[in-house]
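Asker: I am attaching a structure below and will ask some questions about it afterwards.
Please treat every number below as a calculation from the coordinates, not as lab data. Because the structure is predicted, anything quoted here is derived from the model rather than measured. Note that we place each Cβ from the backbone using ideal geometry, even for glycine, and neighbour counts take in every protein chain shown.
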Amino acid sequence: MSSDNINIKNKKARFEYLIIDEFVAGIQLLGTEIKSIRQGKASIGEAYCVIQKEEVFLRNAYIDEYENGGHYNHEVRRDRKLLLNRAEITKIHKNLKTKGFTLIPLSLFINSKGLAKIKIGLAQGKKLHDKRETIKDRDNKRSLDRIKKDYR
């Protein structure tokens, strides 16, 4: 897999949460971690973000051990610091104090310069009826696309 195609997504995020705002942050990684990400061996499905001492950290993200890492390999699920500027951290922190908001990772990708970036979203949890509405909208869109395809 080439580094251009690396785009690891949190597929449940848009279904479980209503995304209010999005930010792109750098990630402070070890050498074996970036090599594993370039091989596509990472998952952010169960991950979430926390703010500690005016710094943002990614928790519970899974980055598989690098197969050629030997004893230099990293912990699979460690806290990883996210690199954001002070204004973004302040904005996020202010919104997180509001009831019901959380910070979740949306996608992990390699940019054009070869650096690992993560798109995080300021989100609010959806209620059960909102999730049902999302499913209904998705099904309606699929059936509409099928009908359009038949008339071409």
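Asker: So which chymotrypsin sites (Phe, Trp or Tyr not before Pro) in the range 74-152 end up in coil per DSSP with only 13 or fewer other C-beta atoms within 10 Å?
Answerer: Loop-located and lightly packed - Y151.
Asker: So what's the back-of-envelope 222 nm ellipticity for the chain, counting only DSSP H runs of four-plus at -39500 (n - 2.57) apiece and dividing by all residues, rounded to 500?
Answerer: My calculation for the chain gives -9500 deg cm²/dmol from helical runs alone.
Asker: Can you put R142, R80, R59 in order of Cβ neighbours within 10 angstrom, beginning with the fewest?
Answerer: Neighbour counts put them in this order, fewest first: R142, R59, R80.
Asker: Please work out whether the range 3-126 counts as rounded, prolate or oblate from its C-alpha gyration tensor, where a ≥ b ≥ c are the square roots of the eigenvalues and a/c under 1.5 means rounded, while otherwise a/b larger than b/c means prolate and anything else oblate?
Answerer: Cα axes put the range 3-126 in the prolate bin.
Asker: Pairs K81/K126; K113/K149; K53/K131; K12/K148; K91/K131; K113/K141: which exceed 31 Å Cα-Cα?
Answerer: Too far apart for the 31 Å limit: K113/K149; K53/K131; K113/K141.
Asker: Which of R86, R138, R78 ends up with the largest GNM mean-square fluctuation for the chain, with Cα atoms connected below 10 Å?
Answerer: R138
Asker: Note down the nm distance, to one decimal, between modelled labels 7 Å out along Cα→Cβ at L144 and at E16.
Answerer: Placing both labels 7 Å beyond Cα along the Cβ direction yields 2.8 nm.
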